[in-house]
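What follows is a short report on a single structure.
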Amino acid sequence: MSTDIDEIDRPLSPTISVTSWLVITLFLAIVVGSIVARVEIVARGQGKIIPFGRVQVVQPLADGKIVKILVSEGQFVRAGDLLMTLDAATAESEIKRIKANIERQRQDAAVARAINTPLAEADPASNGFVEAGRAMFRRTAIGDGHHADAEALVISILSALRDQIAQVEAQIDRIKESQAAQSARLEKIRADREIVALKFGAAEALRNRGTISEFEYLARLRELKALEGDATIAASELDELVAEAAVLSKQRTSLISTTHSTYREQLNEAQITLQSLEAELKAADNHLRSLSLKAPVSGRVEAVGVHRWRLCRGRIHANVHRSIQRRHRGRSLFR
């Protein structure tokens, strides 16, 4: 019995304790290492290493026919060097069309402004009305084109308006003269009517006393009624002349306001169209620039293809390029 107790109380061998602690420590190290450490995978095989951080892929933004290829594989280029060009005939034609439309809209705007300005500042019948429009057109005309036709149009429109206003004013002046004559005639008729009315009153008194014949009385009455009829007709004709003058005055105002409104609307439309055309021109210019491919960085051209090109940044790529062009049969390490 005492022997068994002695065996139980006997301490463990130091070798066993050290071994146990080593095993536990190694296990914990493996667990921690599997969590923290990075595992490297070793692969064997043939391949080509491409340093993506050093490669720029260059390709056109628009489809088109290639006209010129100005570089070859392995050639060193600097940033901004032209690599290739696409057919730009259609793009250039579109830009010319837009610029022609812009020039036309600018002339339309200048014409409208040259007509509206003198209308807002002066009467068409005033002296210097047409010259004011011509001066305004010459100040506002923009572009490199010839503006003789547009300037002639401004002068023609303003001159025609001036002549129309002059014709209307001439008619108004004639009507005013007729009004004056008709007013004088009406005043005379009314004056004669007052005299005849007095004579008729006297004749009526004499008729009542029986000192004049019925025939003389009726003659006085007939004369009075005739003058009253003449006065009514003259007043009606005078009213017609007044109404006709008012119509002509409205016609004069309408000619000015209609012309003003027409060319104010033309000016607004031209300005709106110009904004749209300028945006189209900007887009067309960008499209034209996209047809010329340029190097974004300095480097050496690796490959030239119909669909895309590669440009590798930096001189160091030449060394990398030569090494990666060979087929590797040894072991390669990828992380």
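The values are calculated or read from the model by the stated rules, or taken from the named source; none is laboratory data. None of these values were measured; they are calculated from a predicted model. Glycine gets a Cβ as well: all are built from the backbone with ideal geometry, and neighbour counts include every protein chain shown. For accessibility, only protein heavy atoms count, side chains too; no ligands or nucleic acids. Shrake-Rupley method; radii C 1.70, N 1.55, O 1.52, S 1.80 Å.
Roughly speaking, to the nearest percent, how much of segment 177-252's 1.4 Å accessible area is carbon and sulfur? List each step's numbers first, then the result.
Working: 2840 of 5060 Å².
About 56 percent, which is the carbon plus sulfur part of the accessible surface.
Report the full-extension gain for the segment Ala181 to Val23: residue separation times 0.36 nm, less the Cα-Cα distance, to one decimal in nm.
Numbers: separation 158, 0.36 × 158 = 56.88 nm, distance 13.82 nm.
43.1 nm is the gain from fully extending Ala181 to Val23.
For segment 132-251, what is the accessible area per residue in Å² when the probe is 1.4 Å? Present the calculation step by step, with values, prior to reporting the outcome.
Values: 7670 Å² over 120 residues.
Computed with neighbouring chains in place, this is 64 Å² per residue.
Based on the Kirkwood radius over alpha-carbon pairs, what value in µm²/s does the Stokes-Einstein equation return for the translational diffusion coefficient of segment 144-257 at 25 °C and 0.890 mPa s? Can you show the working numbers first?
Numbers: Rh = 18.3 Å.
Translational diffusion coefficient: 134 µm²/s.
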Self-check item: Candidate residues Glu223, Glu265: accessible-area rank, largest first, probe 1.4 Å
Solution: Glu265, Glu223
Self-check item: For segment 233-306, with +1 on Lys and Arg beta carbons and -1 on Asp and Glu, the positive-most of Leu241, Leu291, Thr273 along the dipole
Solution: Leu291
Quiz item: Can you give me the Cα centroid spacing of segment 195-230 and segment 59-134 in angstrom?
Solution: 90
Quiz item: Using θ = phi - 60° and the Karplus curve 6.51 cos²θ - 1.76 cosθ + 1.60, what whole-Hz ³J(HN,Hα) does each residue of segment 235-249 get, with Gly and Pro shown as x?
Solution: 5, 5, 5, 5, 4, 5, 5, 5, 5, 5, 5, 5, 4, 5, 5
Exercise. Using label points projected 7 Å from each Cα along Cα→Cβ, tell me how many nm separate Asn286 and Ser213, to one decimal.
Key: 11.0
Quiz item: Using θ = phi - 60° and the Karplus curve 6.51 cos²θ - 1.76 cosθ + 1.60, what whole-Hz ³J(HN,Hα) does each residue of segment 166-173 get, with Gly and Pro shown as x?
Solution: 5, 5, 5, 5, 5, 5, 5, 4
Quiz item: Over the heavy atoms of His147, what accessible area does a 1.4 Å probe trace out, to the nearest 10 Å²?
Solution: 40
Self-check item: Surface accessible to a 1.4 Å probe, Phe200 within the full protein complex, Å²
Solution: 30
